[in-house]
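A.B. asks: Can you keep this structure in mind? I'll have questions shortly.
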Amino acid sequence: MTTHATATPASKVFIAFQDNEESRPVIEAVLADNPEAIAAHTPGLVKIDCPERLVIRRATIEALTGQPFDLQQLQINLVTLSGHVSEDDDEFSLSWGH
């Protein structure tokens with residue numbers, strides 16, 4: 001009898017934003033800070049999937065826009081998300097681990 005080891009697939013988290021001018025630097029920052037993330041564009045929506053953990057950094061958004069950014073502003077264009085949320089003034093992250 002042969003036993004095959006199977007790798008457990010990584011748990012994915014996701015976040016989706018309205019596809020508009022306000023969201024574009026946030027989406028760009030998410031993709032810059034999460035190299036394994038994949039964005040799927042549909043009319044009016046951008047969904048970003050990432051294995052294990054996804055992080056949004058205030059500093060990255062500010063570097064892209066040249067303006068101060070409060071992470072609470074994410075809520076304005078946020079459509080949905082999946083994962084446990086952890087946030088402070090500098091980072092917003094999603095993961096399934098605790």
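The values are calculated or read from the model by the stated rules, or taken from the named source; none is laboratory data. None of the values given here were measured: they were computed from a predicted structure. Virtual Cβ from ideal backbone geometry, glycine too; neighbours counted across all protein chains shown. Note: areas computed on protein heavy atoms with side chains; ligands, DNA, RNA excluded. Shrake-Rupley method; radii C 1.70, N 1.55, O 1.52, S 1.80 Å.
A.B. asks: Among Leu94, Leu81, which is the only one that is in contact with a Gly (Cβ under 7 Å, 6 or more places away or on another chain) and assigned to a strand (DSSP E or B)?
C.D. replies: Leu94
A.B. asks: For region 35-55, give me the residue count where each residue is of a type outside the set (Asp, Glu) and over 11 Å from Phe14 (Cβ atoms).
C.D. replies: Count: 8.
A.B. asks: Considering every residue within region 37-44, establish whether at least one is open to solvent by less than 30 Å² (accessible area, probe 1.4 Å), in contact with a strand residue (DSSP E or B) (Cβ under 6 Å, 6 or more places away or on another chain) and either of a type outside the set (Ser, Thr, Tyr) or closer than 11 Å to Phe17 by Cα (or both).
C.D. replies: yes
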